[in-house]
Amino acid sequence: MPNKHVIILKNDAVGDLVHSLEAIYNIINDTEVDKITIYLSKLSKKFKFLFDNSKINVKVLNYNLSLFEKIHLFFFILFNNIFKIYILAPKKFYYYLPVFFFKTKFYAICVDNIKGYKRPSPFLRKFLYKYVINDRSKEFKREPISKIQSDLTMGKNVKNIEIKISADLSDKLKKYLPNNYIYFHAKRKILKELDWNIDDLKQLFKEFLKYSNTVVLTKDIEIDENTKIFKENFNSFDFKSLKFINKSEKIIFFDNIDGKDLYNVILNSKQVIAFHGMMTNVGSINKQKVLDLFHCKIRNWNDYRNYRNSFYEFKPKYNGYDFTIPSKNINKTIKKIRYSLKK
């Protein structure tokens, strides 16, 4: 078949996209594939540079597909000669497509969970050409999701390579990005659950500054009370307004930063210290030194099981990755963090 066209369905969050990078690169490096259409979400579209390649055409969907988007996708497959489709975002709608497009080979991540939950059903799995199972019902250590997806996409025509991704620094970042800094990302939700206030963060950053010249701070993109608090207490630069506020501090807050700029802040840091999620995942791409603050609220056995499963599913495997469970007591957390800072 000439001009073999492949679709990758990956309209997920940025952290989930990172866990699929090895699988996506397997597809890119498949010598049998000539053209790739990848569907990203609006949440992750600014990170398409992570797999910049002449084979790839990027399309954008909502994280949760609208009826119009489902119809559009259906007709795109219908009117294009699609060789393979990879379902790397386990949305229920995607598993019905093989029923209608039985000449196309579908490769998919399937999900099993407790109480016999299966996505898709055993019946719909019969229409898949190949699938692997992310078994969340297991009560013991299991393979991370990145390894499961890589296994799905690995084939005899795939040239496996080590992933190293760089991106050009913008002029804005060249001007304000310091040297020898620790990067910290503040998640408002978790800070509230831990009852950490600005004084606690200052105490934490004071510890960081024993091991680096400066601290670079970011937060979730939406405007909240921390935006004002951080700008009142630290140097700050707003990537939208281009306004710089100098407080003569060794801590700089980058507001409204995303895409390549955010990636480069993480990539060029001495160490990434952040609550488990997007930032720790992005830090793992080039095997950056990462301390993952894995916050848990364990009230019963099911909570413990879910957190443990999540940890094994999303934990990177390399020497530079470390993790700890933060405490509401900032002094206890600093003592835990100190072990990683000294490495």
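Points worth noting:
- Gyration tensor (alpha-carbon) shape descriptor, the range 143-209, a/c threshold 1.5: oblate
- Each DSSP beta bridge with both residues in the chain is either parallel or antiparallel, and the antiparallel ones are about 10%.
- Put in order of Cβ neighbour count within 10 Å, fewest first, the listed residues LEU128, LEU21 become LEU128, LEU21.
- Expected-Rg normalisation [2.2 N^0.38 Å, Cα atoms] applied to the range 97-157: 1.22
- In the range 69-152, taking the dipole from charged Cβ atoms about the Cα centre, the farthest positive-side position among ILE109, SER121, LEU97 is held by SER121.
- For LYS297 and MET154, the difference between the fully extended length at 0.36 nm per residue and the C-alpha to C-alpha distance is 47.8 nm.
- Residue order, fewest to most surrounding Cβ atoms within 10 angstrom, among TYR39, TYR94: TYR39, TYR94
- Build a GNM of the chain with springs between Cα atoms under 10 Å apart, and of ILE109, ILE252, ILE325 the one that fluctuates most is ILE325.
- Fewest-first sequence of CYS296, CYS110 by Cβ atoms within 10 Å of each Cβ: CYS296, CYS110
- D by Stokes-Einstein for the range 5-153, Kirkwood Rh over Cα pairs, 25 °C, 0.890 mPa s: 157 µm²/s.
- Here is the P(r) of the chain: all C-alpha pair distances, binned every 20 Å from 0, give 28, 54, 18, 0 in whole percents.
- Volume per residue that the Cα convex hull of the range 171-341 spans, once the total is divided by residue count, Å³: 118 Å³
- Charge dipole (Cα centre; +1 on Lys/Arg Cβ, -1 on Asp/Glu Cβ; no other charges) of the range 213-289 amounts to roughly 400 debye.
- Its relative contact order, with pairs defined as Cα atoms under 8 Å and 6+ residues apart, puts the chain at 16 percent.
- DSSP-defined antiparallel bridges as percent of all bridges, the range 171-341, nearest 5: 5 percent
- Contact order relative to length of the range 76-152, as percent, for alpha carbon pairs under 8 angstrom and 6 or more apart: 28 percent
- For the range 69-81, 3J(HN,Hα) per residue [Karplus equation, 6.51 cos²θ - 1.76 cosθ + 1.60, θ = phi - 60°, Hz, x = Gly/Pro]: 5, 5, 5, 4, 5, 4, 6, 5, 5, 4, 9, 10, 7
- Cα lying deepest toward the dipole's positive end in the range 171-341, options PHE234, ILE273, TRP196, charges on Cβ: ILE273
- Taking ILE28, ILE161, ILE273 as the candidate residues, the one with maximal mean-square fluctuation in a Gaussian network model of the chain, Cα springs under 10 Å, is ILE161.
- Counting only Cβ charges, +1 for Lys and Arg and -1 for Asp and Glu, the dipole size of the chain around its Cα centre is about 620 debye.
- Stretch gain in nm, segment SER248-TYR63, where the contour uses 0.36 nm per residue and the Cα spacing is subtracted: 62.5 nm
Bear in mind these aren't lab numbers, they're just calculated from the coordinates by the rules spelled out. What you are looking at is a predicted structure, and each value in this text was computed from that prediction instead of being measured. Backbone-built Cβ (ideal geometry, glycine too); neighbour counts: all protein chains shown.
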